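Just so it is clear, none of the values below were taken in a lab; they were calculated from the coordinates. Everything numeric here is computed off the predicted structure, so don't read it as measured data. Virtual Cβ from ideal backbone geometry, glycine too; neighbours counted across all protein chains shown.
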Amino acid sequence: MGFGKLLEKKMKEKNIKQSELAKAVGIPKTTLSSIISRDNNKVEIEKFLSICKYLNCDPEEFYSEYIQEKEKTPHFIDNKWEALRIQLSSLSDNELIELHNYVKYLYWKRNSNEEQD
């Protein structure tokens with residue numbers, strides 16, 4: 001769970017709507033909505049501190065909840081895309097072609113099974 005979801009949780013606890021918070025801290029509602037829906041962790045520090053001030057919560061609360069949630073997430077899930085990127089970068093051109101063909105086969109197989117159901 002990133003900052004966006006933690007923010008959404010805090011807003012629900014305090015019964016604060018996105019439009020209210022956006023107006024209070026001076027950011028577009030679309031920006032706030034994007035932070036929440038994308039579970040964005042990259043929030044400008046000024047915005048972050050303004051949000052904390054309006055919600056009357058210590059910035060540490062977000063950090064500690066984030067760490068608690070992160071500890072619940074298995075490490076391999078958290079880094080699976082990075083691990084895949086590293087593995088792919090070590091493949092030869094022929095191996096990448098072979099992998100691409102295998103992925104196409106998996107899509108074909110899945111689509112064939114769906115058509116049979």
If you take the square roots of the eigenvalues of the alpha-carbon gyration tensor of the stretch 3-72 and sort them as a ≥ b ≥ c, do you get rounded (a/c under 1.5), prolate (a/b over b/c) or oblate? prolate
Calculating Kirkwood radius over Cα pairs in Å from this structure picks out, from (i) 14.7; (ii) 15.2; (iii) 17.6, entry (iii)
What residue among PHE3, ASN15, PHE62 has its Cα farthest toward the positive end of the dipole of the chain, where the charges are +1 on Lys, Arg and -1 on Asp, Glu, each on the Cβ? ASN15
Taking springs between alpha-carbon atoms closer than 10 angstrom, which of LEU21, LEU106, LEU84 fluctuates most in the Gaussian network model of the chain? LEU106
Calculated FRET efficiency, HIS100 and GLU44, Cβ-Cβ r, R0 30 Å, to nearest 0.05? 0.15
Under unit Cβ charges (Lys, Arg +1; Asp, Glu -1), what dipole magnitude, rounded to 20 debye, does the chain have relative to its Cα centre? 520 debye
Leading residue at positive end of dipole, the chain (Cβ point charges), from VAL25, ASN94, ALA83: VAL25
Compute the long axis of helix 59-72 from its Cα atoms, compare it with the longest principal axis of the Cα atoms of the chain, and write down the angle in degrees, 0 to 90, nearest 10. 30 degrees
Phi angles of the stretch 38-52, converted by Karplus (6.51 cos²θ - 1.76 cosθ + 1.60, θ = phi - 60°) into ³J(HN,Hα) in whole Hz with x for Gly and Pro, give 8, 6, 5, 9, 9, 10, 4, 4, 5, 5, 4, 5, 5, 5, 4
Charge dipole (debye, nearest 20) of the stretch 3-72; +1 at Cβ of Lys and Arg, -1 at Cβ of Asp and Glu: 340 debye
